[in-house]
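Trainee: Can you keep this structure in mind? I'll have questions shortly.
The values are calculated or read from the model by the stated rules, or taken from the named source; none is laboratory data. None of these values were measured; they are calculated from a predicted model. Here the Cβ is made from the backbone with ideal geometry for all residues, glycine too, and neighbour counts use every protein chain on show.
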Amino acid sequence: MKNKFLFELGLEEVPADMIEPAAAQLRKSVESLFEENQLAVEALETYSAPRRLAFLATGLPDRQPSREEVLLGPPVSVAFRDGAPAPAAHGFAKKMQVAVEQLQVVKTEKGDYVAVKRTLEGRETPDILATELPGIIASISWPKNMYWQESRFRFVRPIRWLVALWNKQTVPVRFEGLASGAVTRGHRFLGRSDVLLKSAGEYLERLRENYVLADVEERQTKISRELERETPKGLKVISDPELLHLVCYLNEYPTVLRGSFNSEFLAIPQEVLITVMRHHQKYFSVADEKDALQPHFLTVLNTSGDPEGKIRKGHEKVLRARLEDAAFFWSTDLKTPLGGRLPQLDHVLFQEKLGSYRVKTERIRRLSALLDHGKDLETAASLSKCDLTSDMVREFSELQGVMGGLYAREEKYPESVWRAVYEQYRPTSLEDASPSTLTGALLALTDKLDSVVGCFAAGIVPTGSSDPFALRRQAQGLVKILFDHRLDQYPLPSLIEAARSVLKDQIPVSDQVVADVLAFLTGRVRFIFQEQGVPFDILNAVLAPGVGAVYQTWLKAQALMKMRGDADFEALAVAFKRVKNILAKQEIVLAAVSEAALEDPAEAELYRSFREIQPGLSAAAQAGDYESALRKIATLRGPVDRLFDAVMVMAEDARLRNNRLRLLFEISDMFLKIADISEIQEKPAE
Amino acid sequence: MPKDQVTFQGLIHTLLGFWKDYGCVIQQPYDLEVGAGTMHPETFLRVLGPQPYRVAYVQPSRRPADGRYGENPNRLYKHHQLQVILKPSPDDVQEVYLASLRALGIDLSHHDLRFEEDNWESPTLGAWGIGWQVLLDGLEITQFTYFQQAGGQDLMPISAEITYGLERIATFVEDKDSVFALCWSPNASYAQVRQREEREFSKYSFEVADKDMLFDLFNRYEKECLRCLDADCALPAYDYCLRCSHTFNLLDSRGAISVTERVGIIARVRNLAVRVAAAFVNSHEE
């Protein structure tokens, strides 16, 4: 029989979102414990549920392998005189508690040394576990800790029991006043409060009998299966992976239950209904094939069923009260026109130095005027933050923007206006879609731009651990919008300048801040492109000249990716690096290349070839056809190589030298408008 | 099951009986307007310092902004909390709490009960704790908190605070859709006992209260609190701190406080609470 070791940490209910990361930490610590102690394990499973974190290790050896230890003493030259042990040898032998005869000679880099070799017996595995597990428990870190007893040990929630079983034997682990045993606890109401485990291997099974599914995959499978089973025919559950993950960790024995609500509530916008059900009650919503919400919900209970229908009745009653509140908010909010809320925004602070949301709204409006996209954008900008004072948004902050859009729709604003308000916070992640309309994209863009530039000017710069205004996410959203909507008419530097001009009434934006914001946004461009699979060296090549228009930068990267592997192009990249090195060391006096001074046929040929491709190259770059542009550049490979073969650029004759430098400079300058191809590595970088 | 257990007063009686048998001091509601059972000195001050203590009491809790003129079936200007403090918290505190629900005749194996993360925090009291809201078939019936800090003071030993929302539990036990339909006693409904009070106090909080007078009172109460502190009277000082807190709530429901002012006023009440807590602990140590 293979050895099995079970460890379980029994806790009071741990917050659902913290369980999985803790289980991952536990797994990692246990793996390194095994590795450090040379304990080979065949299988390691971790289990986690609201009241427990556990692992089961299969196939551990009985003990560590024995190993040889070499303890070095003095050099042989000191320890022995004329072949006989000197005092140094006696001293070392005494210290090591061996006879002098047992000393051995070991060769080292520094010469021969006297040494003692000993075989160390490996420790017994359960013994190692008993010693090391307390440290592993204590090392689990949690987002928020608490005290519960006088020992002043802090943990996520109180620890109430420990199980440590080596096959059938208890391994004595002591921690925070608790001693390990073989007794775990079942479901609070359906199982036994003391479940005796006869051996480590029966953990999952005994718990299952006591209505605890300790394996999260088992819980997830049960939930997914039952969600499907409980959905009425012809309807579907509105997919919500985040909620699904949460309910997996909220229950030890999940069971899906269907309930219904009065269809009169369907008069409330479905965005609101879904949020009410999800936010407070963690219910899944149900829709028909056309995505119209239906008056049902699915909830995940922490029990085995509801034969009498009492639980369903309870949940339906709670939901009814919540929906009545929502209906009340919806109807009261509609009594005040959205635009009429603007003055109230005076009292809602955005940021101390950047003023209230009223002031921010005005900045967004002025910025959108600068983008010159017409009246609807300015109207949307004026309305954009008004929903912050609505009862609904005060209750459900995640509905900001959405509510403003819905209220604007009720007030019969044109679709381009209400939809822009509705989608103004998009995209919230790389996966999230940008606003669907151009007006919406520009509104979202100006809002994020104002926040990023304003906060940087106010000294709020994201750090590794702190980013209270979510500037990283906002900057990423900004770049993603420019990319998704191909808004190349707005290069990053001019956007930043526009924001600066609008912010200046509240706060001066220094040149340094402008540079910092540009670097920050460039960093986001780099991140987004990287996520899209652009290799590192190509990113360097396209970002080196500075990011202007985001989508053009993307096209350049795509063209470079296609050109890589083209022999001429790669060789040219190498040559270009040489050009750059030469130019970097020289002061170039700007003047036209003198054709008369091109005395070597090789330089004359390069000049001619360059002049030949120049018009086509410019035209291709202008048209965004970077692949043809690069192909034209690649045709210079031969002439460039021949130039370097035939002439010394740094000729003694200043006239020749300067002329050659000017030729190289002109070529390099032309290339750099597209990308710094000297960054391209010959082999694709990872 | 005795008949009075399905009344509001029977519910209170059963729960207090349970905690009396557990060894708690049964206290009376504090005789000032407060927003929650936590503000009763039997919680706020008792959790400070090292002395063990166990107490249970009902606290009528006034929240002017939650008033709905007695027309909303679930929201009230004044609701009732049953508050239990166990200091230090026993190891089986969750099990004891669940036993108290069984004492109400709730068969937990036929219901869906959950402890969901909810960390309580009171900015005005400089107090916070870690714990859960207890959901019974989706209804929040209890706030369960391990107190970590009160009046800005780190606490040790740690107290467990169990706050039952009595109206919520009663609507569950009596299976009613509205609090006003509850039976307060076998002969009187909750509406008969309380609806007029809800109507008039909602009207007062939203429409009638004199803002200038309230601002004036707030300033005076604050001054008096500080004067009491100077005279080493921590308990009377705390009374004035509570008066400030309730006055602030009234001003808030009257819409007299802007968002920017709000932060400042909360900080003033908090300052009082922090100084009272410090004075209370110091006078204990002497």
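Trainee: Quick one: which residue in A:312, A:358 is in the same structural domain as residue A:405 (by TED's automatic domain parsing) and either crowded, with 20+ Cβ neighbours inside 10 Å or of a type outside the set (Val, Ile, Thr) (or both)? Spell out the reasoning first.
Mentor: Values: A:312 fails: in the same structural domain as residue A:405 (by TED's automatic domain parsing).
Within the list A:312, A:358, the selection yields A:358.
Trainee: Next question. Could you check segment B:157-170 and list, in sequence order, the residues that are within 9 Å of chain A (Cβ to nearest Cβ) and either surrounded by fewer than 21 Cβ atoms within 10 Å (Cβ to Cβ) or more than 22 Å from residue B:278 (Cα to Cα) (or both)?
Mentor: Scanning segment B:157-170 gives a single hit, B:157.
Trainee: Scan segment B:137-156 for residues that are of a type in the set (A, V, I, L, M) and at the interface with chain A (Cβ under 10 Å from one of its Cβ atoms) and report the count.
Mentor: Pass one, segment B:137-156, residues of a type in the set (A, V, I, L, M): B:139, B:141, B:150, B:155-156.
With at the interface with chain A (Cβ under 10 Å from one of its Cβ atoms) added as a condition, the list becomes B:139, B:155-156.
Adding up the residues that qualify gives 3.
Trainee: List the residue pairs whose Cβ atoms are under 7 Å apart, where the first residue sits in segment A:107-135 and is closer than 24 Å to residue A:172 by Cα and of a type in the set (S, T, N, Q), the second is at pLDDT 90 or above and in a strand (DSSP E or B), and the two are 6 or more positions apart or on different chains.
Mentor: As it stands, the answer is A:125/A:63, since those pairs meet every condition given.
Trainee: Here is a further query. Hey, residue A:582 hits all of (1) farther than 20 Å from residue A:673 by Cβ; (2) out of contact with any Pro (no Cβ under 7 Å at 6 or more places or on another chain) but one; which does it fall short on?
Mentor: It fails just one condition, (1).
Trainee: To continue, here is another question. Return yes when residue A:70 is among the β-branched types (Val, Ile, Thr) and more than 26 Å from residue A:32 (Cβ to Cβ) and no when it is not.
Mentor: On the way: among the β-branched types (Val, Ile, Thr): yes; more than 26 Å from residue A:32 (Cβ to Cβ): no.
Spelling it out, it is not the case that residue A:70 is among the β-branched types (Val, Ile, Thr) and more than 26 Å from residue A:32 (Cβ to Cβ).
Trainee: Please determine whether any residue of segment A:258-274 is polar (S, T, N, Q), in contact with a Cys (Cβ under 7 Å, 6 or more places away or on another chain) and assigned to a helix (DSSP H, G or I).
Mentor: Narrowing segment A:258-274 to residues polar (S, T, N, Q): A:260, A:262-263, A:270.
Filter once more, so that each one left must be in contact with a Cys (Cβ under 7 Å, 6 or more places away or on another chain): none.
Checked segment A:258-274: no residue is polar (S, T, N, Q), in contact with a Cys (Cβ under 7 Å, 6 or more places away or on another chain) and assigned to a helix (DSSP H, G or I).
Every residue, every condition in (1) assigned to a loop (DSSP other than H, G, I, E, B); (2) of a type outside the set (Val, Ile, Thr); (3) on the phi < 0 side of the Ramachandran plot; (4) touching a Phe, Trp or Tyr at 6+ places or on another chain (Cβ under 8 Å), yes or no:
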residue	(1), (2), (3), (4)
A:25	no, yes, yes, no
A:30	no, no, yes, yes
A:33	no, yes, yes, no
A:38	yes, yes, no, no
A:47	no, yes, yes, yes
A:53	no, yes, yes, yes
A:70	no, no, yes, no
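Trainee: Same structure again: Since residue A:317 meets every condition but one in (1) among the charged types (D, E, K, R); (2) within 9 Å of chain B (Cβ to nearest Cβ); (3) within 38 Å of the chain's Cα centre (by Cα), which condition does it not meet?
Mentor: For residue A:317, the failing item is (3).
Trainee: Residues in segment B:58-67: is at least one of a type in the set (Lys, Arg), under 24 Å from residue B:194 (Cβ atoms) and within 13 Å of chain A (Cβ to nearest Cβ)? Lay out the reasoning, then the answer.
Mentor: So the first thing to find is which residues in segment B:58-67 are of a type in the set (Lys, Arg), and the list is B:62-63.
Now narrow it down to the ones that are under 24 Å from residue B:194 (Cβ atoms): B:62-63.
Filter once more, keeping what is within 13 Å of chain A (Cβ to nearest Cβ): none.
No, segment B:58-67 contains no residue that is of a type in the set (Lys, Arg), under 24 Å from residue B:194 (Cβ atoms) and within 13 Å of chain A (Cβ to nearest Cβ).
Trainee: Please enumerate the residues belonging to segment A:644-668 that are of a type outside the set (Gly, Ala, Ser) and within 15 Å of residue A:632 (Cα to Cα). Working first, answer last.
Mentor: Step one: filter segment A:644-668 for residues of a type outside the set (Gly, Ala, Ser), giving A:644-645, A:647-650, A:652-653, A:655-667.
Matches in segment A:644-668: A:667 only.
Trainee: Considering only residues that are within 20 Å of the chain's Cα centre (by Cα) and not hydrophobic (A, V, I, L, M, F, W, C), look in segment B:171-191 and name the one that is nearest to the other protein chains (Cβ to nearest Cβ).
Mentor: It comes out as B:171.
Trainee: Answer with yes or no whether residue B:209 is modelled with pLDDT under 95, crowded, with 16+ Cβ neighbours inside 10 Å, out of contact with any strand residue (DSSP E or B) (no Cβ under 8 Å at 6 or more places or on another chain) and more than 14 Å from chain A (Cβ to nearest Cβ). So that I can check it myself, show each step before the final result.
Mentor: Working: modelled with pLDDT under 95: yes; crowded, with 16+ Cβ neighbours inside 10 Å: yes; out of contact with any strand residue (DSSP E or B) (no Cβ under 8 Å at 6 or more places or on another chain): yes; more than 14 Å from chain A (Cβ to nearest Cβ): yes.
Yes; evaluated as a whole, the condition is true for this residue.
Trainee: Between residues in segment B:96-121 that are farther than 18 Å from residue A:311 by Cα and within 11 Å of chain A (Cβ to nearest Cβ) and residues that are among the aromatic types (Phe, Trp, Tyr) and surrounded by fewer than 19 Cβ atoms within 10 Å (Cβ to Cβ), which pairs lie under 8 Å by C-beta distance while being six or more apart or on different chains?
Mentor: Sorted first by the residue in segment B:96-121, then by its partner, the pairs are B:119/B:128.
Trainee: Condition first: part of a helix (DSSP H, G or I) and either modelled with pLDDT of 95 or more or at positive phi (or both). Now tell me which residues in segment A:229-244 satisfy that.
Mentor: A:229, A:230, A:243, A:244
Trainee: Being surrounded by fewer than 18 Cβ atoms within 10 Å (Cβ to Cβ) and under 36 Å from the mean Cα position of the chain (by Cα), is that true of even one residue in segment A:334-347?
Mentor: Yes, segment A:334-347 has at least one match.
Trainee: Identify, by number, the condition in (1) farther than 28 Å from residue A:179 by Cβ; (2) in contact with a strand residue (DSSP E or B) (Cβ under 7 Å, 6 or more places away or on another chain) that residue A:54 doesn't meet.
Mentor: (1)
Conditions (1) out of contact with any Phe, Trp or Tyr (no Cβ under 9 Å at 6 or more places or on another chain); (2) in the same structural domain as residue B:60 (by TED's automatic domain parsing), marked per residue:
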position: B:191; (1), (2): no, yes
position: B:216; (1), (2): yes, no
position: B:227; (1), (2): no, no
position: B:235; (1), (2): no, no
position: B:249; (1), (2): yes, no
position: B:252; (1), (2): yes, no
position: B:278; (1), (2): yes, no
position: B:281; (1), (2): yes, no
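Trainee: Here's something else I'd like to know. For segment A:429-483, how many residues are aromatic (Phe, Trp, Tyr) and either without any contact (Cβ under 8 Å) to a residue 40 or more places away in the chain or in a helix (DSSP H, G or I) (or both)? Let's see the steps before the verdict.
Mentor: So the first thing to find is which residues in segment A:429-483 are aromatic (Phe, Trp, Tyr), and the list is A:456, A:469, A:483.
Next, from what is left, pick out any that are either without any contact (Cβ under 8 Å) to a residue 40 or more places away in the chain or in a helix (DSSP H, G or I) (or both): A:456, A:483.
Residues in segment A:429-483 being aromatic (Phe, Trp, Tyr) and either without any contact (Cβ under 8 Å) to a residue 40 or more places away in the chain or in a helix (DSSP H, G or I) (or both): 2 in total.
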